[in-house]
Amino acid sequence: MPELPEVETIARDLRPRILGATIVGARCSWTRTLRTHTPEAFADGVAGRTVEAVGRRAKLVVVELSGEAALTIHMKMTGQLFVVPAETPDDPYVRVVLELADDREIRFRDIRKFGRIGLYGRDPGTGDLVTEVGGSAVFAAFGPEPLDPAFDVREFRRRLRRRKGRLKPLLLDQSFLAGVGNIYADEALWASRLHPLRTAGTLRPADERHLYTEVRRILVEAVERRGSSIDDYTAPDGDGSMQEHLQVYQRTGEACQRCGRPVKRIVIGARSTHFCSWCQRLGAADRKGATAILRTMTGGTRRAGGRWTELAGEGSLGLTLDEAARAAAQARTERTKRAAATRRAAARASVAPDTRS
Ligand SMILES: [Zn+2]
């Protein structure tokens, strides 16, 4: 699922294509994609508005429209945005289409239909995006943007010290920090050598600073690399390359780039979590209450002889390390193939902004 770097890339690619464009209508083939309106009310609500800005908040693309309104687009699992000439043949997975006055269309394609588009007005009093005047702000529940210059280590520390939870679910909690998801939480924890099950309250000030620095460093790097093209993620200008630079995410059984021991996988709150049990230690206090989770561990253990040969954990699939590494490599190849297929579909459906008629 696209996280901050992927959504930022989509917004940046979209901006030059649609800035200043006027929306004249909308079509919808899956009504639940529209979070706030019926298809008819949505079409009425967007018609005649001009795109004034394209940005991002948390994992949502925010398209600012004339007349104090904005669209929020949540890509979720498989959402994709394309800007194409209106005559481009319909694709069965396109759920919502915004028709532009210049005979182009913004198409929201979403195979699994978890993506959502909302249309909001701006509260004249507060300036917040709301469904109705005086209503609660759309982004009220979201935590700070990790790359916001105002978000400093002191603020991070202050928020962290109010929390008692374990680090992995905490980093995924959008009310704690906006935009971080499974990929970059795992990467940031590995980089800062903190175990995903470590509780926030056990961090020393140096750990807190380290985590703050690594979360931001990894997000910045991922934005520069246009995000991680894993599964269905692609952006209007094409795929990202961060997937080639991930250290632990979906690398179960492969060698940790720091210590050479195999990357482990555990399941925390139904989410796969990848880490190095050597570089990211868990103290005895934090092991308490985590036994069931640690039992889900797969990824290999070390035999007395010194070679990595078999998987540990009662929840293991019974694969040897070689098999697990091969399975991981095969899964990655499959994902890459799928991403490439999506990219080809996108290329067929998409045109560069300067080739429009
Ligand atoms: Zn390691």
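The values are calculated or read from the model by the stated rules, or taken from the named source; none is laboratory data. Keep in mind that this is a model prediction, so the values were computed, not measured. Here the Cβ is made from the backbone with ideal geometry for all residues, glycine too, and neighbour counts use every protein chain on show. Side chains included, ligands, DNA and RNA excluded: accessible areas come from the protein's heavy atoms. Shrake-Rupley method; radii C 1.70, N 1.55, O 1.52, S 1.80 Å.
Okay, here's what the table says:
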| read-out | value |
| --- | --- |
| Equivalent ellipsoid dimensions for the range 164-280 as semi-axes, Å, which come from the Cα gyration tensor, largest first | 22, 17, 14 |
| Rounded tilt (10° steps) of 205-224 against the dominant C-alpha axis of the chain | 50 |
| Which of Val248, Val133 is most accessible, then next, and so on - probe 1.4 Å | Val133, Val248 |
| Mean separation of Cα contacts under 8 Å (6+ apart) over length of the chain, as relative contact order % | 15 |
| Qualifying aspartates and glutamates (Cα of each under 20 Å from Cα of Lys113; at least 8 residues distant if same chain) | Glu3, Glu6, Glu40, Asp90, Asp91, Glu105, Asp231, Asp232 |
| Accessible-area ranking of Ser272, Ser29, largest first, probe 1.4 Å | Ser29, Ser272 |
| Residue-count net charge about Met77 - beta-carbon cut-off 11 Å; Lys, Arg +1, Asp, Glu -1 | 0 |
| Over 21 Å (Cα to Cα) - which of Lys168/Lys264; Lys59/Lys168; Lys76/Lys164; Lys164/Lys264 fall in this group | Lys76/Lys164; Lys164/Lys264 |
| With Cα atoms, 0 to 90° folded angle of helix 4-18 axis to the chain main axis | 20 |
| Solvent-accessible surface ranking, highest first, for Cys259, Cys276 at 1.4 angstrom | Cys259, Cys276 |
| Cα centroid of the range 1-65 to Cα centroid of the range 82-140, whole Å | 3 |
| Accessible surface of His74 - all protein chains present, 1.4 Å probe, nearest 10 Å² | 30 |
| D (Stokes-Einstein, µm²/s), Kirkwood Cα radius, the range 39-122, 0.692 mPa s at 37 °C | 247 |
| Karplus (6.51, -1.76, 1.60) ³J(HN,Hα), θ = phi - 60°, over the range 106-119, in Hz, Gly and Pro reported as x | 8, 10, 9, 9, 7, 4, 8, 6, 8, x, 9, 10, x, 10 |
| Integer Hz, Karplus 6.51/-1.76/1.60 couplings in order for the range 68-84, x for Gly and Pro | 6, 9, 7, 9, 10, 10, 9, 6, 6, 5, 10, x, 9, 10, 9, 10, 9 |
| Under 5 Å, built H, 5+ apart or other chain: amide partners of Arg49 | Ile23 |
| Heavy atoms of Ser192 accessible to a 1.4 Å probe, total area in Å² rounded to 10 | 0 |
| Radius ratio Rg over Rh of the chain, counting only Cα atoms, Kirkwood formula for Rh | 1.01 |
| Phi to ³J(HN,Hα) by Karplus 6.51 cos²θ - 1.76 cosθ + 1.60 over the range 236-249, Hz, x for Gly, Pro | x, 8, x, 5, x, 10, 5, 4, 7, 10, 6, 8, 10, 4 |
| Contact order relative to length of the range 2-88, as percent, for alpha carbon pairs under 8 angstrom and 6 or more apart | 31 |
| Student exercise, the chain dipole from Lys, Arg, Asp, Glu Cβ charges, in Debye to nearest 20 | 2020 |
